[in-house]
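J.: This structure is in structure tokens; I'll ask about it shortly.
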Amino acid sequence: MPSSDVHAFETHTTDAELDDLRARLAAARLPEPETARRRWEQGVPLADLVELVHYWRTGYDWRWFERRLDEISQFRTTIDGLGIHFLHRRSARAEATPLILTHGWPGSVAEFVDVVDELADPEDAAAPAFHVVVPSLPGFGYSDKPSTTGWGTERIAAAWVELMGRLGYREFLAHGGDWGGNITTVLGGRFPEHVLGIHSTFAEGPPGLSADGLTAVERKWAEDTRHFWRHRAAYAKQQATRPQTIGYSLVDSPIGLLAWILDKFAEWSDTEDSPFETISRDRVLDDVTLYWLTRTGASAARIYYESHNSLDPELRVDVPSAITMYPRDIEKCPRPWAQERYRQIVRWRSPERGGHFPSLEVPGYFVQDLRDGLAAVMAAR
């Protein structure tokens, strides 16, 4: 049974808060159009932003998202002095396995609202079922904002073990991408007595590995990842070194927050032009509005300050691991490099479609891939 330290939680956004958001959007001061020859070359195009802001102000329904979170079931608990918010969708199936899903930045629990039901109670009776737990990272969403340094990925992973234990799940599976993938790696490496196995869209081999023996495709993956960190990662450098400075804009200006996050949905998704080719604009606005209403633009950015380049080079993951490298993700690790850290890769997939946000871009494939990967993990045990 859940611990008495776990309490039910519901969202209570006031009409005044939503009216204030709409007023700020209506009064926004915007720059002139970009001077780039190619769309998105200098960031979010003005015309795209204006159109999305109009929808955010006049058509978007935040109340739907609030109801959806409550339908899934929300809770909070205090771990290591910090309030942690999480969704908990228990399966009706007795044989279901506990599973924790961890989001990253600029994501949130909004990444998983469309997949938790099918994971918990699949339509196919032969498909595996899971008791699904989706926590908000410290400083994100309805989790508390740390008031001191120290809440890096190692501490978060330890908090997740405590969280699952409070729910009665001494052993569990774990999935994550982006920072969630980093945390999932730490979970598998540090807590093998609790983690049955992992599934991740993030893999990072130890530093200093040779490219000798890599295939042409693997070499391109390594080159693309190196190019990303050298030429397209200014956001990460900013948030890792000066999160407070950018935080003022992200907490004070809904337009600034939207542009900062939309830029990543566009650049990191498997699309030709707009992220809305594959991702619902409502899901993007669910995510951005959650950041806005909880005033977490600065506190969420601090995960880079706490953990950027902090994955222990000596950490090894010996629990069974399933890894999926989506073609348009920002980091793709060659399998020979991944195998130096993840010692028991039982399933490796490189699908034809998908980017950094697969649960939003290709939700059907994401669910099936997650099921198959975790089934391989369980079979290996």
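The values are calculated or read from the model by the stated rules, or taken from the named source; none is laboratory data. Small disclaimer: the values here were computed from a predicted structure and weren't measured. Ideal geometry is used to build each Cβ from the backbone, glycine not excepted, and the neighbour counts take in all protein chains shown.
J.: Residue under question is residue 44, and the condition is that it be assigned to a loop (DSSP other than H, G, I, E, B), out of contact with any His (no Cβ under 6 Å at 6 or more places or on another chain) and of a type in the set (A, V, I, L, M, F, W, C); does it hold?
T.: yes
J.: Taking the conditions exactly as written (in contact (Cβ under 8 Å) with a residue 24 or more places away in the chain and buried (at least 16 other Cβ atoms within 10 Å of the Cβ)), does residue 64 satisfy them or not?
T.: no
J.: Filter segment 123-133 for residues that are touching a residue at least 60 places away in the same chain (Cβ under 8 Å) and under 22 Å from residue 165 (Cα atoms); which is surrounded by the fewest Cβ atoms within 10 Å (Cβ to Cβ)?
T.: 128
J.: While we're on this one: Check whether at least one residue in segment 284-296 is outside any loop (DSSP other than H, G, I, E, B), touching an Asp or Glu at 6+ places or on another chain (Cβ under 9 Å), at pLDDT 95 or above and of a type in the set (S, T, N, Q), and report yes or no.
T.: no
J.: Now for a different question. When residue 381 is evaluated against the numbered criteria (1) touching a strand residue (DSSP E or B) at 6+ places or on another chain (Cβ under 8 Å); (2) at pLDDT 95 or above, which criterion, by number, is the only one it fails?
T.: Against the list (1) touching a strand residue (DSSP E or B) at 6+ places or on another chain (Cβ under 8 Å); (2) at pLDDT 95 or above, residue 381 comes up short only on (2).
J.: While we're looking at this one, here's another question. Please indicate, with yes or no, whether at least one residue in segment 213-222 is under 19 Å from residue 311 (Cβ atoms) and either free of Cβ contacts under 8 Å to residues at least 60 places away in the same chain or of a type in the set (Val, Ile, Thr) (or both).
T.: no
J.: I need the full set of residues from segment 6-34 which are of a type in the set (A, V, I, L, M, F, W, C), in contact (Cβ under 8 Å) with a residue 24 or more places away in the chain and more than 13 Å from residue 256 (Cα to Cα), in order please. Spell out the reasoning first.
T.: We begin by selecting, within segment 6-34, every residue of a type in the set (A, V, I, L, M, F, W, C); these are 6, 8-9, 16, 18, 21, 23, 25-28, 30.
Checking the rest, the ones that are also in contact (Cβ under 8 Å) with a residue 24 or more places away in the chain come to 6, 8-9, 18, 21, 25-26, 28, 30.
6, 8, 9, 18, 26 - these are the residues of segment 6-34 that are of a type in the set (A, V, I, L, M, F, W, C), in contact (Cβ under 8 Å) with a residue 24 or more places away in the chain and more than 13 Å from residue 256 (Cα to Cα).
J.: State whether the residues of segment 216-229 include one that is within 30 Å of residue 56 (Cβ to Cβ) and out of contact with any Leu (no Cβ under 7 Å at 6 or more places or on another chain).
T.: For segment 216-229, residues within 30 Å of residue 56 (Cβ to Cβ) and out of contact with any Leu (no Cβ under 7 Å at 6 or more places or on another chain): present.
J.: Could you give me the residue pairs with C-beta distances under 6 Å whose first residue belongs to segment 163-183 and is farther than 19 Å from residue 103 by Cα, whose second residue is among the hydroxyl-bearing types (Ser, Thr, Tyr) and in a loop (DSSP other than H, G, I, E, B) wherever it lies, and which are 6+ apart or on separate chains?
T.: Matching pairs, first to second residue: 166/3.
J.: Sticking with this structure for a sec: In segment 40-73, how many residues are of a type outside the set (Phe, Trp, Tyr), farther than 19 Å from residue 254 by Cα and touching a helix residue (DSSP H, G or I) at 6+ places or on another chain (Cβ under 8 Å)?
T.: Result for segment 40-73: 2.
J.: Could I ask something else about it? Find the residue count for segment 307-353, including only residues that are out of contact with any strand residue (DSSP E or B) (no Cβ under 8 Å at 6 or more places or on another chain) and not in a loop (DSSP other than H, G, I, E, B).
T.: 3
J.: Consider segment 96-111. How many of its residues are of a type outside the set (S, T, N, Q), out of contact with any His (no Cβ under 7 Å at 6 or more places or on another chain) and surrounded by 24 or more Cβ atoms within 10 Å (Cβ to Cβ)?
T.: Looking only at that region, the number is 5.
J.: Within segment 71-91, can one find any residue that is part of a loop (DSSP other than H, G, I, E, B), among the acidic types (Asp, Glu) and within 30 Å of residue 374 (Cα to Cα)?
T.: Just the residues of segment 71-91 that are part of a loop (DSSP other than H, G, I, E, B), to begin with: 73, 80-81, 90-91.
Imposing the further condition that a residue be among the acidic types (Asp, Glu) reduces the set to 80.
Still in the list and also within 30 Å of residue 374 (Cα to Cα): 80.
Checking segment 71-91: at least one residue is part of a loop (DSSP other than H, G, I, E, B), among the acidic types (Asp, Glu) and within 30 Å of residue 374 (Cα to Cα).
J.: Counting just the residues of segment 13-35 that are surrounded by fewer than 11 Cβ atoms within 10 Å (Cβ to Cβ) and of a type in the set (S, T, N, Q), which one comes out farthest from residue 64 (Cα to Cα)?
T.: Ranking the qualifying residues of segment 13-35, first place goes to 35.
J.: Check off (1) without any contact (Cβ under 8 Å) to a residue 40 or more places away in the chain; (2) closer than 19 Å to residue 108 by Cβ; (3) not polar (S, T, N, Q) for residue 266 and give me the number that stays unchecked.
T.: (1)
J.: Hey, another quick one. Quick one: which residue in 132, 161 is closer than 27 Å to residue 4 by Cβ and not in a helix (DSSP H, G or I)?
T.: One residue alone meets the criteria, 132.
J.: Could you tell me whether any residue of segment 1-12 is surrounded by 11 or more Cβ atoms within 10 Å (Cβ to Cβ), at pLDDT 95 or above and of a type in the set (Ser, Thr, Tyr)?
T.: Checked segment 1-12: no residue is surrounded by 11 or more Cβ atoms within 10 Å (Cβ to Cβ), at pLDDT 95 or above and of a type in the set (Ser, Thr, Tyr).
J.: Filter segment 1-41 for residues that are charged (D, E, K, R) and outside any helix (DSSP H, G or I) and give the result.
T.: 5, 10, 29, 32, 34, 37, 38, 39, 41 - these are the residues of segment 1-41 that are charged (D, E, K, R) and outside any helix (DSSP H, G or I).
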